[in-house]
1. Which one of Ala21, Ala72 is within 16 Å of Asp120 (Cβ to Cβ), in a helix (DSSP H, G or I) and in contact with a Cys (Cβ under 7 Å, 6 or more places away or on another chain)?
2. Kindly provide the set of residues from segment 44-84 that are hydrophobic (A, V, I, L, M, F, W, C) and either in contact with an Asp or Glu (Cβ under 9 Å, 6 or more places away or on another chain) or not assigned by TED's automatic domain parsing to the domain that holds Phe118 (or both), ordered by number.
3. Condition test on Thr82, is it over 22 Å from Leu153 (Cβ atoms), surrounded by 13 or more Cβ atoms within 10 Å (Cβ to Cβ) and not small (Gly, Ala, Ser)?
4. List pairs: first residue in segment 161-174 and more than 17 Å from Leu104 (Cβ to Cβ), second residue at pLDDT 85 or above and in a helix (DSSP H, G or I) anywhere in the structure, Cβ distance under 8 angstrom, at least six positions apart or on different chains.
5. Would you confirm whether or not segment 32-46 contains a residue that is β-branched (Val, Ile, Thr), buried (at least 18 other Cβ atoms within 10 Å of the Cβ) and in contact (Cβ under 8 Å) with a residue 40 or more places away in the chain?
6. What residue, of Ser168, Ser99, is small (Gly, Ala, Ser) and at pLDDT 90 or above?
7. Hey, any hits in segment 61-74 for a residue that's under 20 Å from Ile135 (Cα atoms), within 34 Å of the chain's Cα centre (by Cα) and free of Cβ contacts under 8 Å to residues at least 40 places away in the same chain?
Amino acid sequence: MMLENRKSNPLRPANWRWLRAQDLLMTGSRIRRSLDDEGVATTRAFCAALSYCTTPPQLVTLLHRFPVAYEAWAVHEDSSVTIGLELEARLLADEPVESLTAKLGLSEEVINSYATMFFDVANRLEHVSLIVGAIIKPDVAAVNLRSSAPQVLWKLYGYFSGPIVLDSLVYSFCSPTRPESADQLNDFWINEAKKLAAAKGALAFRHMAINWETQIEIANLFFRMLELEKETEGGRGSQIAYEDNVRALLDNLPWRPYQLIDASDDTKVKKLEQKGACLRADELAIIGIDNMPAGLNTLLESMQFPEN
(Lines give C-alpha, C1' and ligand atoms only; values in the text may rest on other atoms or scores of the structure.)
Protein backbone atom coordinates (compact mmCIF):
# COMPACT_ATOMS: atom_id res chain seq x y z
CA MET A 1 0.00 0.00 0.00
CA MET A 2 1.63 3.26 -1.13
CA LEU A 3 0.38 5.47 1.71
CA GLU A 4 1.82 3.07 4.27
CA ASN A 5 5.34 3.61 2.94
CA ARG A 6 5.74 7.28 3.71
CA LYS A 7 8.22 9.11 5.93
CA SER A 8 5.55 10.52 8.27
CA ASN A 9 3.98 7.14 9.09
CA PRO A 10 5.11 6.09 12.58
CA LEU A 11 4.14 2.47 11.83
CA ARG A 12 6.04 2.30 8.55
CA PRO A 13 7.94 -0.98 8.03
CA ALA A 14 11.71 -1.03 8.40
CA ASN A 15 12.18 -1.36 4.62
CA TRP A 16 9.65 1.32 3.74
CA ARG A 17 12.06 3.19 1.44
CA TRP A 18 12.70 0.07 -0.62
CA LEU A 19 8.96 -0.64 -0.87
CA ARG A 20 8.22 2.99 -1.70
CA ALA A 21 10.83 2.97 -4.49
CA GLN A 22 9.27 -0.17 -5.95
CA ASP A 23 5.81 1.42 -5.84
CA LEU A 24 7.07 4.56 -7.58
CA LEU A 25 8.65 2.53 -10.37
CA MET A 26 5.57 0.37 -10.88
CA THR A 27 3.19 3.33 -11.09
CA GLY A 28 5.57 5.73 -12.82
CA SER A 29 5.02 8.28 -10.03
CA ARG A 30 7.43 11.03 -9.07
CA ILE A 31 9.12 11.75 -5.77
CA ARG A 32 6.91 13.85 -3.48
CA ARG A 33 8.44 15.91 -0.69
CA SER A 34 5.42 15.38 1.56
CA LEU A 35 5.81 11.59 1.40
CA ASP A 36 9.44 10.92 0.53
CA ASP A 37 12.94 11.92 1.58
CA GLU A 38 16.41 11.85 0.08
CA GLY A 39 16.79 8.19 0.97
CA VAL A 40 13.76 7.29 -1.13
CA ALA A 41 15.21 9.18 -4.10
CA THR A 42 18.54 7.34 -3.80
CA THR A 43 16.82 3.97 -3.41
CA ARG A 44 14.55 4.65 -6.38
CA ALA A 45 17.52 5.47 -8.59
CA PHE A 46 19.26 2.23 -7.62
CA CYS A 47 16.08 0.16 -8.10
CA ALA A 48 15.52 1.69 -11.51
CA ALA A 49 19.04 0.77 -12.63
CA LEU A 50 18.72 -2.70 -11.08
CA SER A 51 15.53 -3.42 -13.00
CA TYR A 52 17.50 -3.30 -16.28
CA CYS A 53 20.17 -5.75 -15.11
CA THR A 54 19.62 -9.22 -16.54
CA THR A 55 23.20 -10.34 -17.16
CA PRO A 56 26.41 -10.45 -15.04
CA PRO A 57 28.09 -7.69 -17.09
CA GLN A 58 25.14 -5.41 -16.43
CA LEU A 59 25.46 -6.11 -12.70
CA VAL A 60 29.13 -5.17 -12.90
CA THR A 61 28.11 -1.87 -14.47
CA LEU A 62 25.56 -1.37 -11.68
CA LEU A 63 28.29 -2.04 -9.10
CA HIS A 64 30.51 0.65 -10.59
CA ARG A 65 27.64 3.12 -10.76
CA PHE A 66 26.25 2.46 -7.24
CA PRO A 67 29.13 0.80 -5.31
CA VAL A 68 27.77 1.42 -1.79
CA ALA A 69 24.11 0.70 -2.54
CA TYR A 70 25.08 -2.43 -4.49
CA GLU A 71 27.08 -3.85 -1.55
CA ALA A 72 24.20 -3.14 0.84
CA TRP A 73 21.74 -4.80 -1.56
CA ALA A 74 24.05 -7.82 -1.93
CA VAL A 75 24.18 -8.29 1.85
CA HIS A 76 20.39 -8.13 2.04
CA GLU A 77 19.86 -10.59 -0.83
CA ASP A 78 22.48 -13.19 0.15
CA SER A 79 20.49 -15.88 1.97
CA SER A 80 23.50 -18.17 2.33
CA VAL A 81 24.87 -16.10 5.23
CA THR A 82 23.27 -14.36 8.20
CA ILE A 83 25.21 -11.09 8.00
CA GLY A 84 22.07 -9.16 7.06
CA LEU A 85 20.07 -10.62 9.95
CA GLU A 86 22.91 -9.95 12.36
CA LEU A 87 23.26 -6.38 11.13
CA GLU A 88 19.55 -5.74 11.68
CA ALA A 89 19.72 -7.18 15.19
CA ARG A 90 22.72 -4.99 15.99
CA LEU A 91 20.97 -1.92 14.64
CA LEU A 92 18.10 -2.71 17.04
CA ALA A 93 20.68 -3.05 19.82
CA ASP A 94 21.86 0.49 18.95
CA GLU A 95 25.43 -0.76 18.65
CA PRO A 96 27.95 1.88 17.52
CA VAL A 97 28.84 1.85 13.83
CA GLU A 98 32.54 1.44 14.66
CA SER A 99 31.74 -1.82 16.45
CA LEU A 100 29.61 -3.01 13.54
CA THR A 101 32.38 -2.44 11.02
CA ALA A 102 34.84 -4.36 13.19
CA LYS A 103 32.53 -7.34 13.70
CA LEU A 104 30.82 -7.59 10.32
CA GLY A 105 33.61 -6.43 8.01
CA LEU A 106 31.33 -3.92 6.31
CA SER A 107 32.23 -0.30 5.73
CA GLU A 108 30.40 2.46 7.55
CA GLU A 109 28.95 3.63 4.24
CA VAL A 110 27.53 0.20 3.42
CA ILE A 111 26.01 -0.12 6.89
CA ASN A 112 24.35 3.27 6.60
CA SER A 113 23.10 2.42 3.10
CA TYR A 114 21.63 -0.87 4.34
CA ALA A 115 19.87 0.93 7.17
CA THR A 116 18.52 3.52 4.75
CA MET A 117 17.13 1.07 2.20
CA PHE A 118 16.18 -1.96 4.28
CA PHE A 119 16.15 -1.26 8.03
CA ASP A 120 15.17 2.25 9.07
CA VAL A 121 14.83 2.04 12.88
CA ALA A 122 17.44 4.44 14.30
CA ASN A 123 15.05 7.28 15.18
CA ARG A 124 12.36 4.98 16.60
CA LEU A 125 14.30 2.82 19.07
CA GLU A 126 12.86 4.58 22.13
CA HIS A 127 9.32 3.50 21.18
CA VAL A 128 9.26 -0.04 22.56
CA SER A 129 5.73 -1.04 21.53
CA LEU A 130 6.26 0.34 18.04
CA ILE A 131 9.52 -1.58 17.55
CA VAL A 132 8.04 -4.84 18.80
CA GLY A 133 4.75 -4.46 16.98
CA ALA A 134 5.83 -2.95 13.67
CA ILE A 135 9.41 -4.22 13.27
CA ILE A 136 9.88 -7.53 15.11
CA LYS A 137 6.41 -9.11 15.08
CA PRO A 138 6.22 -9.25 11.27
CA ASP A 139 9.32 -11.46 11.41
CA VAL A 140 7.50 -13.79 13.79
CA ALA A 141 4.72 -14.24 11.23
CA ALA A 142 7.27 -14.73 8.45
CA VAL A 143 8.84 -17.74 10.21
CA ASN A 144 5.52 -19.30 11.25
CA LEU A 145 5.81 -18.17 14.88
CA ARG A 146 9.06 -20.07 15.43
CA SER A 147 10.51 -17.72 18.02
CA SER A 148 13.86 -19.54 17.98
CA ALA A 149 14.62 -18.31 14.44
CA PRO A 150 17.42 -15.70 14.23
CA GLN A 151 15.00 -13.17 12.73
CA VAL A 152 13.18 -13.13 16.06
CA LEU A 153 15.61 -14.34 18.71
CA TRP A 154 18.54 -12.12 17.75
CA LYS A 155 16.36 -9.06 17.34
CA LEU A 156 14.46 -9.50 20.60
CA TYR A 157 17.54 -10.08 22.75
CA GLY A 158 19.54 -7.49 20.86
CA TYR A 159 16.88 -4.83 21.34
CA PHE A 160 16.08 -5.56 24.98
CA SER A 161 19.42 -6.88 26.29
CA GLY A 162 22.07 -5.17 24.18
CA PRO A 163 25.17 -6.07 22.13
CA ILE A 164 26.91 -8.27 24.73
CA VAL A 165 23.99 -10.68 25.02
CA LEU A 166 23.61 -10.60 21.25
CA ASP A 167 27.27 -11.60 20.89
CA SER A 168 26.67 -14.71 22.99
CA LEU A 169 23.72 -15.71 20.79
CA VAL A 170 25.40 -15.06 17.46
CA TYR A 171 28.81 -16.50 18.24
CA SER A 172 28.03 -18.98 21.06
CA PHE A 173 31.49 -18.00 22.33
CA CYS A 174 31.53 -14.72 24.20
CA SER A 175 35.10 -13.85 25.24
CA PRO A 176 36.00 -17.34 26.52
CA THR A 177 38.90 -17.63 28.96
CA ARG A 178 41.94 -19.27 27.42
CA PRO A 179 43.66 -21.88 29.60
CA GLU A 180 47.34 -21.15 30.13
CA SER A 181 48.20 -24.72 31.11
CA ALA A 182 46.79 -28.25 31.12
CA ASP A 183 45.96 -27.87 34.82
CA GLN A 184 43.35 -25.26 33.95
CA LEU A 185 41.47 -27.43 31.45
CA ASN A 186 39.11 -28.95 34.01
CA ASP A 187 38.03 -25.55 35.35
CA PHE A 188 37.68 -24.27 31.79
CA TRP A 189 35.25 -27.02 30.77
CA ILE A 190 33.27 -26.76 34.00
CA ASN A 191 32.81 -23.01 33.54
CA GLU A 192 31.98 -23.54 29.88
CA ALA A 193 29.30 -26.08 30.81
CA LYS A 194 27.79 -23.70 33.35
CA LYS A 195 27.62 -20.85 30.83
CA LEU A 196 26.04 -23.03 28.14
CA ALA A 197 23.57 -24.59 30.56
CA ALA A 198 22.54 -21.18 31.85
CA ALA A 199 22.04 -19.75 28.35
CA LYS A 200 20.18 -22.78 26.98
CA GLY A 201 18.08 -23.01 30.13
CA ALA A 202 17.05 -19.37 29.83
CA LEU A 203 16.13 -19.85 26.17
CA ALA A 204 14.18 -23.00 27.02
CA PHE A 205 12.19 -21.09 29.64
CA ARG A 206 11.56 -18.32 27.12
CA HIS A 207 10.11 -20.76 24.57
CA MET A 208 8.12 -22.90 27.01
CA ALA A 209 4.43 -22.09 27.03
CA ILE A 210 2.62 -21.88 30.37
CA ASN A 211 -0.46 -24.10 30.58
CA TRP A 212 -1.94 -26.77 32.81
CA GLU A 213 0.50 -29.35 31.42
CA THR A 214 3.71 -27.36 31.93
CA GLN A 215 3.10 -25.07 34.92
CA ILE A 216 4.14 -27.68 37.54
CA GLU A 217 7.24 -28.59 35.56
CA ILE A 218 8.25 -24.95 35.18
CA ALA A 219 7.87 -24.35 38.92
CA ASN A 220 9.92 -27.47 39.75
CA LEU A 221 12.65 -26.41 37.32
CA PHE A 222 12.81 -22.99 38.95
CA PHE A 223 13.16 -24.40 42.48
CA ARG A 224 15.75 -26.88 41.27
CA MET A 225 17.69 -24.01 39.75
CA LEU A 226 17.73 -22.25 43.12
CA GLU A 227 19.07 -25.41 44.76
CA LEU A 228 21.81 -25.74 42.18
CA GLU A 229 22.76 -22.11 42.70
CA LYS A 230 23.26 -22.75 46.41
CA GLU A 231 25.33 -25.87 45.72
CA THR A 232 27.56 -24.41 43.01
CA GLU A 233 28.17 -21.13 44.82
CA GLY A 234 28.65 -22.61 48.26
CA GLY A 235 25.43 -21.21 49.61
CA ARG A 236 26.49 -17.67 48.81
CA GLY A 237 22.92 -16.75 47.90
CA SER A 238 21.65 -17.69 51.36
CA GLN A 239 24.60 -15.90 52.98
CA ILE A 240 23.78 -12.70 51.12
CA ALA A 241 20.15 -12.90 52.23
CA TYR A 242 21.29 -13.49 55.84
CA GLU A 243 23.65 -10.50 55.71
CA ASP A 244 20.92 -8.31 54.26
CA ASN A 245 18.57 -9.26 57.11
CA VAL A 246 21.21 -8.51 59.75
CA ARG A 247 21.99 -5.19 58.10
CA ALA A 248 18.29 -4.29 58.08
CA LEU A 249 18.05 -5.17 61.77
CA LEU A 250 21.01 -2.94 62.66
CA ASP A 251 19.59 -0.07 60.64
CA ASN A 252 16.43 -0.14 62.75
CA LEU A 253 18.21 -0.09 66.13
CA PRO A 254 18.20 3.17 68.13
CA TRP A 255 21.98 3.39 67.63
CA ARG A 256 24.29 2.84 64.71
CA PRO A 257 27.32 0.53 64.73
CA TYR A 258 30.69 2.26 65.04
CA GLN A 259 29.12 5.66 65.63
CA LEU A 260 29.47 7.74 68.80
CA ILE A 261 26.69 10.01 69.93
CA ASP A 262 27.59 13.37 71.41
CA ALA A 263 25.83 13.45 74.77
CA SER A 264 27.26 16.79 75.94
CA ASP A 265 23.81 18.37 75.80
CA ASP A 266 22.08 15.49 77.55
CA THR A 267 21.88 16.52 81.24
CA LYS A 268 20.96 13.05 82.55
CA VAL A 269 23.83 11.32 80.73
CA LYS A 270 26.25 14.04 81.80
CA LYS A 271 25.33 13.61 85.50
CA LEU A 272 25.74 9.86 85.30
CA GLU A 273 29.17 10.17 83.69
CA GLN A 274 30.36 12.56 86.40
CA LYS A 275 29.66 10.01 89.16
CA GLY A 276 32.39 7.60 90.19
CA ALA A 277 35.41 6.45 88.23
CA CYS A 278 33.63 4.38 85.64
CA LEU A 279 34.14 4.47 81.88
CA ARG A 280 32.06 6.97 79.99
CA ALA A 281 29.61 5.96 77.27
CA ASP A 282 31.94 6.97 74.44
CA GLU A 283 34.83 5.02 76.03
CA LEU A 284 32.65 1.91 76.30
CA ALA A 285 31.69 2.29 72.65
CA ILE A 286 35.36 2.54 71.65
CA ILE A 287 36.21 -0.61 73.59
CA GLY A 288 33.22 -2.29 71.96
CA ILE A 289 34.89 -1.98 68.56
CA ASP A 290 38.21 -3.37 69.82
CA ASN A 291 39.95 -0.02 70.29
CA MET A 292 41.43 1.59 73.39
CA PRO A 293 40.31 5.05 74.57
CA ALA A 294 43.08 7.64 74.62
CA GLY A 295 44.95 7.76 77.96
CA LEU A 296 43.27 4.67 79.42
CA ASN A 297 46.47 2.59 79.46
CA THR A 298 48.36 5.39 81.23
CA LEU A 299 45.55 5.73 83.76
CA LEU A 300 45.55 2.01 84.54
CA GLU A 301 49.35 1.92 84.97
CA SER A 302 49.27 4.90 87.36
CA MET A 303 46.60 3.46 89.61
CA GLN A 304 47.67 2.59 93.14
CA PHE A 305 45.90 0.12 95.42
CA PRO A 306 46.22 -0.24 99.22
CA GLU A 307 48.67 -2.90 100.27
CA ASN A 308 46.21 -4.42 102.74
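1. None of the others qualify; the one that does is Ala21.
2. Kept after step one, since they are hydrophobic (A, V, I, L, M, F, W, C), are these residues of segment 44-84: 45-50, 53, 59-60, 62-63, 66, 68-69, 72-75, 81, 83.
The answer is Leu63, Val68, Ala72.
3. Numbers: over 22 Å from Leu153 (Cβ atoms): no; surrounded by 13 or more Cβ atoms within 10 Å (Cβ to Cβ): yes; not small (Gly, Ala, Ser): yes.
No: the conditions fail for Thr82.
4. What qualifies is Val165/Tyr157; Val165/Gly158.
5. First pass over segment 32-46, keeping only residues β-branched (Val, Ile, Thr): 40, 42-43.
Restricting the remaining residues to those that are buried (at least 18 other Cβ atoms within 10 Å of the Cβ) gives 40, 42-43.
Applying the additional criterion that residues be in contact (Cβ under 8 Å) with a residue 40 or more places away in the chain yields 42-43.
Among the residues of segment 32-46, at least one is β-branched (Val, Ile, Thr), buried (at least 18 other Cβ atoms within 10 Å of the Cβ) and in contact (Cβ under 8 Å) with a residue 40 or more places away in the chain, which makes the answer yes.
6. On the way: Ser168 fails: at pLDDT 90 or above.
Step by step, each of Ser168, Ser99 is checked, and only Ser99 is small (Gly, Ala, Ser) and at pLDDT 90 or above.
7. Narrowing segment 61-74 to residues under 20 Å from Ile135 (Cα atoms): 72-73.
Retained after the next criterion (residues that are within 34 Å of the chain's Cα centre (by Cα)): 72-73.
Filter again for free of Cβ contacts under 8 Å to residues at least 40 places away in the same chain, leaving none.
Scanning segment 61-74 turns up no residue that is under 20 Å from Ile135 (Cα atoms), within 34 Å of the chain's Cα centre (by Cα) and free of Cβ contacts under 8 Å to residues at least 40 places away in the same chain.
Yes/no per residue for (1) at pLDDT 90 or above; (2) touching a Cys at 6+ places or on another chain (Cβ under 7 Å); (3) more than 30 Å from Leu50 (Cα to Cα):
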position: Leu87; (1), (2), (3): yes, no, no
position: Leu91; (1), (2), (3): yes, no, no
position: Phe119; (1), (2), (3): yes, no, no
position: Ala141; (1), (2), (3): no, no, no
position: Ser147; (1), (2), (3): no, no, yes
position: Gln151; (1), (2), (3): no, no, no
position: Gly158; (1), (2), (3): yes, no, yes
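The values are calculated or read from the model by the stated rules, or taken from the named source; none is laboratory data. Here the structure is a predicted model, which means the values were calculated and not measured. Note that we place each Cβ from the backbone using ideal geometry, even for glycine, and neighbour counts take in every protein chain shown.
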